[in-house]
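Data first, discussion second: the structure below is written as structure tokens.
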2 protein chains.
Amino acid sequence: MPREGTTRAARRASRGAGLHQLPWRLLRNPYQPIEVVSADQLEAIHQTSLRILSEIGMDFLHPEALSILAEAGALVQAGTERVRFDPDWIVEKVSTVPGSFTLNARNPDHNVPVGADTIAFATVASPPNASDADRGRRAGNFEDFKNLVRLAETFNVIHLFGGYPVEPVDLPPSTRHLDCLSTVVTLGDKAFHAYALGKGRMSDAIEIARIGRGVSADQLRQEPSLFTVVNTSSPLRLDGPMIEGLIEMARMGQVVIATPFTLSGAMAPATIAGALAQQNAEALATIALIQCVNPGAPSMYGGFTSNVDMRSGAPAFGTPEYTKAALAGGQLARRYGFPYRSSNACAANAVDAQAAYEAEMSTWGAVMGHANLIMHGAGWMEGGLTASFEKFIIDVEILQMMSEFLQPLLVDEATLALDAIAQVGPGGHFFGAAHTLERYESAFYSPIVSDWRNFESWELAGSPTAEQHANRIWKEVLEAFSPPPLPEDRAEELVDFVERRRAEGGVSA
Amino acid sequence: MPREGTTRAARRASRGAGLHQLPWRLLRNPYQPIEVVSADQLEAIHQTSLRILSEIGMDFLHPEALSILAEAGALVQAGTERVRFDPDWIVEKVSTVPGSFTLNARNPDHNVPVGADTIAFATVASPPNASDADRGRRAGNFEDFKNLVRLAETFNVIHLFGGYPVEPVDLPPSTRHLDCLSTVVTLGDKAFHAYALGKGRMSDAIEIARIGRGVSADQLRQEPSLFTVVNTSSPLRLDGPMIEGLIEMARMGQVVIATPFTLSGAMAPATIAGALAQQNAEALATIALIQCVNPGAPSMYGGFTSNVDMRSGAPAFGTPEYTKAALAGGQLARRYGFPYRSSNACAANAVDAQAAYEAEMSTWGAVMGHANLIMHGAGWMEGGLTASFEKFIIDVEILQMMSEFLQPLLVDEATLALDAIAQVGPGGHFFGAAHTLERYESAFYSPIVSDWRNFESWELAGSPTAEQHANRIWKEVLEAFSPPPLPEDRAEELVDFVERRRAEGGVSA
């Protein structure tokens, strides 16, 4: 079906609701990925990662992981947490990872397929600070958390809640996950992330997802409905709480994303090839553990390799090295048939040109690396230390533009427009042509932030910057927000569960 | 030779000179281009463009073009300026375009090969206004012109002067080209563009290029040393002054870039496929004219298709449609074996996030479309109405990042770093590892604008934005500028020529 027709109706609908944005749509990447390493180079990285795992090994800081791995045939060094892996064993263990799955949302219209050429965008996750142009930067709090959830629910280009969009440090750690996740399920109806911080939080999260969807535990086990990111403590270490979360999620058939934190020059070698070899080793070992727990459990390969500023040691993001690593990470994931996760990251302190060009370098690397999930899609600043309300809106524009870029170019008799060109003829113009008027509403992407007025009109309007437009937009969205419907029985069950677990004291912090 | 070694020495050298930037280097694109249309779709666009030229035709508003085309076998409609082209004739005529050539600079170290997988960046060209953060926007003038030339000469990532970086409207039109081009040759030593605004200006430009290089007219004819952009007055018209310039340049063996001005929804159909078909028709006919004048003359295919804002009619740049058109333009150029030209364009009024994300969308389309020449590489704002000093510096950062992205990833035993990973081991860090220290200076791209300090240090420093950093940088560059050496005899010959032509009254405006 021609894109123009469907989009036009959808745009009218969203305009009617006050906010002019793209409709909800699932994305597929129609383009060949950019390959930054040759087949031989890819093989060299793979082989080096296998040697890392067999010759050096990796530490798993939890006895349950050690016993699971030992039982499955990995080589646990007696009296230590060090595990070494036979290359053939690793390759065989990870072969049970499914190439695709669906993340089920409590609103089935918001289910997200993951794998092959799909792309989904998730919100920023985990910053300890929030920021906006009016009030500046402050410690993360529950009010900002809720407002960022409202933005994420409103914008159709955001497919998933990628984690807490800001860490609400004003909530007690033992029950914070209960407040946060029940809020996500109440203010939002998209699929979501929960943190792998021990078994208790994980099982609470799974129960909240189950209640939100109104399904049985058995059905939930068959239908992935939440995901967690398991970061290694690079180099070559996986911590206890992450391991507990991983085991619980894998047993329950939920999605685990193995994302090594390989900052080149700090937690990984100061060469991208070396950082990729280490990333690959850590990801393979983590995914092998998932598959030992539950063969066939949905797992993803996370690429997060970036580099530090060598002069200060500060992490940098959206660098040329980051872009290459994101593209190479996709090649590695595809080598094994894993769904792939990357990020829209930047190191900027201000919502300025730097924030945008670093976000673009990250996003192009992620999209053309065929990432299936792009974490931190909207709102991330300062290498992840701050969630910015204005950057959230700027990123929505960047993601919407990417979403449009991914719509295949339509080439047929109508779009080739030979008749229109003949009708207008040399020296004419197309403003009033029937071919143009028929497409008036829907011909091109219509931005939410970009200011295309001429200089004089723009100056008369007060010379607003993109940041100022973004500031206006997020306030308008929050003003107009109303939560998506949640059936009363589920809402009650959710409150009951949260209050019971709160009364029990939540989890031990 | 490993990249690290060579780059380190070059970076030290440039640091010694006060400005920390990448060294001069010629770029080659090591990646496969992104293809947005299938082979069948490409053929449909090609066939439609041939039908446009045979059924509708194109107007050439100069008798000399009409007689050249008629003599070569094109079908000139008697008593009109309309020319129709037999499809086979067009395809055969453009087959003599050379696939590559070298643009010769007056400093041979700055010669630029063009064709196949080369990429070169040129400055912004032709805005009627200049702007900076201190003084705001003003009409173009010769002082701003000279300062922008100084910036373009200083930054190694800029390979070519793409035209007047701002139009100096304070200079009389009849001699403006003499002042401008002699200034480019005096303050700069890179190859340059001259405007196709009639035969007189063109032959003056060619003489200035000849004097600058200190070669004979015969040698210049064998060695392309300047280039001109010939814009069609879309739809399907080529104006007289452009034609005169084209003929003069082609006769003298200099480079002509045929760039249709196909703004979708205004001067071209409101569909990208239609705009591309029209772009292709106009480019093919213009290139055919070049080849009729001088078979084998260096010619380029220019893609400039963008779209208007349908609500206001304002031109938009760096849109998703622009990116797709830039990529498809590359596919079309490669179909015929033409070198390809694209642009780094944006519609922003402020040097803000919009300016950066639109510039990135344009530049990614150009680079991954395998453009050999990226015009307006640094400084373009407001759809070409203003040259901004701060945007120039931001674009230098964007181009430097792209230049680094295009350096192939080195994967070998040293970079795979198995020994370093073994030495550091699980839970350690790489800050002090020998493998890291050996690469301290050169491991990663070191930015000129990006501020990677932590928030607290950045705030203490006054919370500078990218625009403010750019403001500081261009002033430092101008403060430190000294022109490249020009042999005394050439300098004298240049002055003599300009003064003689000035005394003659220049060209009739």
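Scanning the stretch A:398-451 for residues that are more than 8 Å from every other protein chain (Cβ to nearest Cβ), part of a loop (DSSP other than H, G, I, E, B) and in contact with a Leu (Cβ under 6 Å, 6 or more places away or on another chain) returns a single hit, A:L406. Criterion first (touching a residue at least 12 places away in the same chain (Cβ under 8 Å), among the β-branched types (V, I, T) and surrounded by fewer than 21 Cβ atoms within 10 Å (Cβ to Cβ)) does A:T48 satisfy it? Judged against the criteria, A:T48 is not a match. Surrounded by fewer than 24 Cβ atoms within 10 Å (Cβ to Cβ) and away from chain A (no Cβ under 14 Å), is that true of B:G384? Against the criterion (surrounded by fewer than 24 Cβ atoms within 10 Å (Cβ to Cβ) and away from chain A (no Cβ under 14 Å)), B:G384 does not qualify. Residues that are touching a residue at least 40 places away in the same chain (Cβ under 8 Å), surrounded by 24 or more Cβ atoms within 10 Å (Cβ to Cβ), touching a strand residue (DSSP E or B) at 6+ places or on another chain (Cβ under 8 Å) and assigned to a strand (DSSP E or B): does the stretch A:358-373 have at least one? Checking the stretch A:358-373: at least one residue is touching a residue at least 40 places away in the same chain (Cβ under 8 Å), surrounded by 24 or more Cβ atoms within 10 Å (Cβ to Cβ), touching a strand residue (DSSP E or B) at 6+ places or on another chain (Cβ under 8 Å) and assigned to a strand (DSSP E or B). Among the residues of the stretch A:98-123, those identified as within 21 Å of A:I208 (Cα to Cα) and assigned to a loop (DSSP other than H, G, I, E, B) are A:N104, A:A105, A:R106, A:N107, A:N111, A:T123.
Here is a yes/no grid of residues against (1) over 30 Å from A:L75 (Cα atoms); (2) surrounded by fewer than 24 Cβ atoms within 10 Å (Cβ to Cβ):
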| residue | (1), (2) |
| --- | --- |
| A:S264 | no, no |
| A:M267 | no, no |
| A:T271 | no, no |
| A:G303 | no, no |
| A:P320 | yes, yes |
| A:Y336 | no, yes |
| A:S343 | yes, no |
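For the stretch A:17-32, the set of residues classified as assigned to a loop (DSSP other than H, G, I, E, B) and either crowded, with 20+ Cβ neighbours inside 10 Å or at the interface with another protein chain (Cβ under 9 Å from one of its Cβ atoms) (or both) consists of A:Q21, A:L22, A:P30, A:Y31, A:Q32, listed by residue number. For the criterion of being in contact with a strand residue (DSSP E or B) (Cβ under 9 Å, 6 or more places away or on another chain), more than 8 Å from chain B (Cβ to nearest Cβ) and among the aliphatic types (A, V, I, L, M), A:L478 fails.
Filtered by the rule that a residue be surrounded by fewer than 14 Cβ atoms within 10 Å (Cβ to Cβ) and within 17 Å of B:T386 (Cα to Cα), the stretch A:439-458 gives A:E456, A:S457. Do we have A:V83 as outside any loop (DSSP other than H, G, I, E, B), of a type outside the set (G, A, S), out of contact with any Lys or Arg (no Cβ under 8 Å at 6 or more places or on another chain) and closer than 16 Å to A:V256 by Cβ here? So A:V83 fails the test.
Of the numbered criteria (1) among the aliphatic types (A, V, I, L, M); (2) part of a helix (DSSP H, G or I); (3) crowded, with 21+ Cβ neighbours inside 10 Å, the one B:V37 fails is (2). In the stretch A:452-466, of all residues being at the interface with chain B (Cβ under 7 Å from one of its Cβ atoms) and outside any loop (DSSP other than H, G, I, E, B), the one that is nearest to B:D59 (Cα to Cα) corresponds to A:F455.
Of all the listed residues (B:E43, B:E71), the sole one being over 20 Å from B:Q279 (Cβ atoms) and surrounded by fewer than 20 Cβ atoms within 10 Å (Cβ to Cβ) is B:E71. Taken together, the residues in the stretch A:374-411 that are more than 28 Å from B:D451 (Cα to Cα) and under 15 Å from the mean Cα position of the chain (by Cα) amount to 1. Taking the criterion of being at the interface with chain B (Cβ under 8 Å from one of its Cβ atoms) and either within 21 Å of the chain's Cα centre (by Cα) or in a loop (DSSP other than H, G, I, E, B) (or both), the residues of the stretch A:262-284 that qualify are A:G265, A:A266, A:M267, A:P269, A:A270, A:T271. Could you tell me whether any residue of the stretch A:43-59 is under 24 Å from A:L373 (Cα atoms), at pLDDT 95 or above and not polar (S, T, N, Q)? Checking the stretch A:43-59: at least one residue is under 24 Å from A:L373 (Cα atoms), at pLDDT 95 or above and not polar (S, T, N, Q).
Among B:F101, B:F142, B:F155, B:F161, which is the only one that is in contact with a Leu (Cβ under 6 Å, 6 or more places away or on another chain) and of a type in the set (F, W, Y)? Of B:F101, B:F142, B:F155, B:F161, the one residue that is in contact with a Leu (Cβ under 6 Å, 6 or more places away or on another chain) and of a type in the set (F, W, Y) is B:F142.
The values are calculated or read from the model by the stated rules, or taken from the named source; none is laboratory data. All values reported here derive from a predicted model rather than from experimental measurement. Cβ atoms come from the backbone with ideal geometry, glycine included; neighbour counts cover every protein chain shown.
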